[in-house]
Structures are given as C-alpha cells and as structure tokens.
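Asks: Pasting a structure below so you can have a look.
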Amino acid sequence: MPYKKTELKFNGKINTCEIGAGDAAISIGGENTLLFLGDEGFKPAVGIAITDSPEDWSDCFTDIFGDDLKNPAAWAKAAVEKSGADFLLVKLASADPNGANNSVENCVATVVAVEGAINVPLVVEGCKNAEKDAKLLEEVAKALEGKNVVLFSAVEDNYKTIGAAGGMAYGQKVSAESSVDINLAKQLNILLTQLGVKSKDIIMDVGSAAVGYGFEYVASTMDRIRLAGLGQNDESLQMPIITNISGESWGVKEAVSTLEDAPEWGDQEARGIGMEVATAAACVVGGSNAIIVRHPESAKTIKSLIAGLIG
C-alpha cells in the first residue's frame, strides 16, 4: 500500500525572527505546523558555543582549539570555521560576581571583538547572575546597536532592564528564559510584550536537560508550548524557541568522567559528543528552532540530521 502523508493543519503560526545583520542575517521560526511534518521550508538553526572562561571545559577542547581558547575572538572565528555553525553564542562567565567578577567594560570589549571576528549572527549570554546580567546585557546591547544580536537571557528579575535596552532602545532580540514550565514561559512573554517589546523580537528559552536527566519534562513542555501556539493560536506562545544544551550535555557524568575513572565507558570525548548529539536531536524534533552545542562535531552531526529530515 502506498504511503500517503497526512499533514496536520493549525490555525496558529510561529513568529519569524531574524537575527544578525546584513549578509549574515538568518531567520528562525515561521512554521505553521510541527517541525519536519510540513512543507513550509523552515529549518532549525545550529549554533556553536564558546566562553570567556573555559577553565571547567573538557580537555578535548584544548586539543581542538589550542591557544585560541585564551582569546575569545580567535576562538569564535575558529569555532565557526570548524563547525559550520549558523550562529555563535559567547558566554560571559567571567562576569560572575561569585567568580572572577570581571568588569562590564571588559566583557563588552570581549563581545565587540568576538562580533568583529565572525560572519554569522551572535548570541550573547550573561553569567547567570540576574543583577549583573541586567547591567552587562544592557551595555552589550548599546555597544552592538545595529547588529541585531540575541541577548541571552532575560529572566523575571531583570526582564525590564534587558527588555527595555535590548528589544526597545537598541533594537536587539531578547531571549526570555523560563524553567521548563509552559505557564512561566507564557507569563514572561506577556510581561515583555506589556513592557513594549515586540513579539517578533522575543525568542523563548524554555530550559533544557541532558537526555536521561529529566528530559521528559523538557519534551512535554515543548510539546505543550508548540500545540498551544499552533493549535490554540495562543499569540503569547508563538515565539521561536532557542535551546542551549551545551552546558547540560557536557556536565553529566557520562561526559565528565575520564577514561581512567570509567574505562568501560570508552573515550571521554566521544561520550560528550554522544550526549550532546542525543540531547540536541531530541530538542530539535521537539520543536526548538535554534539549538546550541559546544563541540564542532556535534554541530556538524545535527546539521546533517536536520538536512536529512527536511530531505
């Protein structure tokens, strides 16, 4: 019996969000059905992550990038070249007040250098301290005005500052971070739009987990968000989803344990890549419009997966 494809029809549509500027710009979102089940032509973007403080990263990244790890701009350029990524994320981990407490000025200079070294859109992640990130991402938005970067991410404690500076004053995109909960994601989107940020300038970061570590909550949350946005035409849940799984994947025991600690598990680098690819693949088929990984081989594998699914 010949296969007949049945396509679900929805009333809603995911917003199209453009990131980057000029020839480097890309669009994410825009689908009116569940990913890979329609012929709308949209596909998830794959990003590569770097940081200004890689001390806790696996030794394999030193083998890959060498001395470039000491220079974020050089590292960014190499990461894009080696991975073929669609965009790059730089995490300003050194800004953490409970760590190096690097100054806002120094971190902004790092971001400006990174942006100048790459030819793909840029996502800028803070240090996960809400107060410091508010100041930091505001200054990043100002310094990169016109570059259409993504400020990753606004939370309930700092969305007013990041939303006003990023999505309004300096024309950047704002990532709204919630913790694997459809109601929290919706609430933050509403707060940002009520503040004055346009829906088309908001991307959702709904949280993640490595596969095998509570990922079923991520999967169900993504499903509910997508079905609400598409099936119920809920405009407060029609923003594209961006998911950074690099830290989650490389932070679990399967990726952290050395070959000496767990010889029966085989090569440590291969395990890290495996965890990252499995997690990224699950996020992509679950509805994430932009996925961020750490290893160049992970990026290549996920890009190949997406190309194969699209056909």
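The values are calculated or read from the model by the stated rules, or taken from the named source; none is laboratory data. Keep in mind it's a predicted model, so treat the numbers as computed, not measured. Ideal geometry is used to build each Cβ from the backbone, glycine not excepted, and the neighbour counts take in all protein chains shown.
Asks: Out of all the residues in segment 246-264, which are in a loop (DSSP other than H, G, I, E, B), surrounded by 13 or more Cβ atoms within 10 Å (Cβ to Cβ) and not small (Gly, Ala, Ser)?
Replies: Trp250, Val252, Leu259
Asks: So Gln238 ticks every box in (1) touching an Asp or Glu at 6+ places or on another chain (Cβ under 9 Å); (2) of a type outside the set (A, V, I, L, M); (3) buried (at least 22 other Cβ atoms within 10 Å of the Cβ) but one. Which box is left unticked?
Replies: Going through (1) touching an Asp or Glu at 6+ places or on another chain (Cβ under 9 Å); (2) of a type outside the set (A, V, I, L, M); (3) buried (at least 22 other Cβ atoms within 10 Å of the Cβ) one by one, Gln238 breaks only (1).
Asks: Would you tally the residues in segment 226-251 being within 23 Å of Glu125 (Cα to Cα), in contact with a helix residue (DSSP H, G or I) (Cβ under 9 Å, 6 or more places away or on another chain) and of a type in the set (A, V, I, L, M)?
Replies: Start the filter on segment 226-251 by keeping residues that are within 23 Å of Glu125 (Cα to Cα), which leaves 237-251.
Then keep just the ones that are in contact with a helix residue (DSSP H, G or I) (Cβ under 9 Å, 6 or more places away or on another chain); that gives 237-239, 241, 243, 245-246, 248-250.
Subset that is of a type in the set (A, V, I, L, M): 237, 239, 241, 245.
Counting residues in segment 226-251 that are within 23 Å of Glu125 (Cα to Cα), in contact with a helix residue (DSSP H, G or I) (Cβ under 9 Å, 6 or more places away or on another chain) and of a type in the set (A, V, I, L, M) gives 4.
Asks: Considering segment 112-132 alone, what residues qualify as being in a strand (DSSP E or B) and either touching a residue at least 40 places away in the same chain (Cβ under 8 Å) or among the charged types (D, E, K, R) (or both)?
Replies: Correct list: Leu122, Val123, Glu125.
Asks: Just give me the residues in segment 211-220 being surrounded by fewer than 23 Cβ atoms within 10 Å (Cβ to Cβ) and either touching a residue at least 24 places away in the same chain (Cβ under 8 Å) or at positive phi (or both), in sequence order. Break it down stepwise before answering.
Replies: First pass over segment 211-220, keeping only residues surrounded by fewer than 23 Cβ atoms within 10 Å (Cβ to Cβ): 212-217, 219-220.
Result: Gly212, Tyr213, Gly214, Phe215, Tyr217, Ala219.
Asks: Let me ask something additional. Inside segment 133-173, can you point out the residues that are under 22 Å from Gly47 (Cβ atoms) and in a loop (DSSP other than H, G, I, E, B)?
Replies: Leu144, Glu145, Gly146, Lys147, Asn148, Val149, Val155, Tyr170, Gly171, Gln172
Asks: For segment 135-178, which positions are among the hydroxyl-bearing types (Ser, Thr, Tyr) and at pLDDT 95 or above?
Replies: Passing the criteria: Tyr159, Thr161, Tyr170, Ser175, Ser178.
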